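Report on one structure; see the data block that follows.
The values are calculated or read from the model by the stated rules, or taken from the named source; none is laboratory data. Keep in mind that this is a model prediction, so the values were computed, not measured. Here Cβ is always computed from backbone atoms with ideal geometry, including for glycine, and neighbour counts include all displayed protein chains. Ligands, DNA and RNA are stripped out before the accessible areas are found, and what is left, the full protein with its side chains, is counted by its heavy atoms. Shrake-Rupley method; radii C 1.70, N 1.55, O 1.52, S 1.80 Å.
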Amino acid sequence: MAVHSLSKLPTSTTALIPNHRTKPGLDSPPLTRNLRHDGLQKPWLGANSLSLQSSSLRVRTQEPKLRPFSATVCLSLPTANAEGVSFTEKVPKWSWRAIKSFAMGELEARKLKYATTGTEAILMGILIEGTSLAAKFLRANGITLFKVREETIKLLGKADMWFFSPEHPTLTEEAQRVLDWAVDKKLKSGDSGEITTSHLLLGIWYEVESPGQKILATLGFNEEKVKELESLKF
């Protein structure tokens, strides 16, 4: 019965699919289906069998459009003019840990809603980065990010909750001198290496009466610890 019914089908039929979106003048090839007796030989269909042949179906695929983006990478830290730092030689590069520590310090100043980035923010940035020799040395001596943040709020207070810190809070004069000291120290050492977070930490300590130096002294950092840090190779 099935074979007899199929044999009565026309040799070629066109499946007309109503397309209400088709407009006059647009070229949209119809989908066709060809039914033939001589294809797809199957024993259960008998002598006559069914063949389906699809016409070429053109599918237009659009590649996803990617938005162009740009990334800015900071390769150095702001330093003062030649009056504050000895620039007789080429200024050495900052290590990536020092750059990241500075960036984390800026972010911490924004989180605390301070208008400027001070020595206390740079100190917190060193601890937030966490993998440098200076950060490990601080933690080994009991100076943690939580303690430094707590002492910072005690010393400087909380900012106004409605104040929004700028994207890059300007450096305080003390923080600027810390960066300049680190560059000058590296130049005077004659080493060809990079300026590290240890230079930043020592610069904070030698910036007497700065918030960062006061916090370090409160948490037990002293001249003995400075000599111990200076004896390490960094």
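Side notes on the structure shown:
- With all protein chains in place and a 1.4 Å probe, the accessible surface of the stretch 181-234 carries 47 percent carbon and sulfur.
- For the stretch 122-234, the relative contact order comes to 32 percent (Cα pairs under 8 Å, sequence separation of at least 6).
- Take the Cα radius of gyration of the stretch 141-195 and divide it by 2.2 N^0.38 Å, N being the number of residues; the result is 1.61.
- Computed Rg/Rh of the stretch 115-166, alpha carbon atoms with Kirkwood Rh: 1.03
- Around residue 135: net Lys/Arg minus Asp/Glu count, Cβ-Cβ under 9 Å: +2
- Karplus-derived 3J(HN,Hα) values for the stretch 136-144, using 6.51 cos²θ - 1.76 cosθ + 1.60 with θ = phi - 60°, are 5, 5, 5, 5, 5, 9, x, 9, 10 Hz; glycine and proline are entered as x.
- Start at zero, step by 5 Å, and the Cα-Cα distances of the stretch 96-200 spread as 2, 13, 22, 23, 20, 11, 5, 2, 1, 0 percent across the bins.
- Protection proxy ranking for 207-213, 166-172, using the average of other Cβ atoms within 10 Å per residue and placing the highest first: 207-213, 166-172.
- Residue 114 - accessible surface, heavy atoms, 1.4 Å probe, Å² rounded to 10: 30
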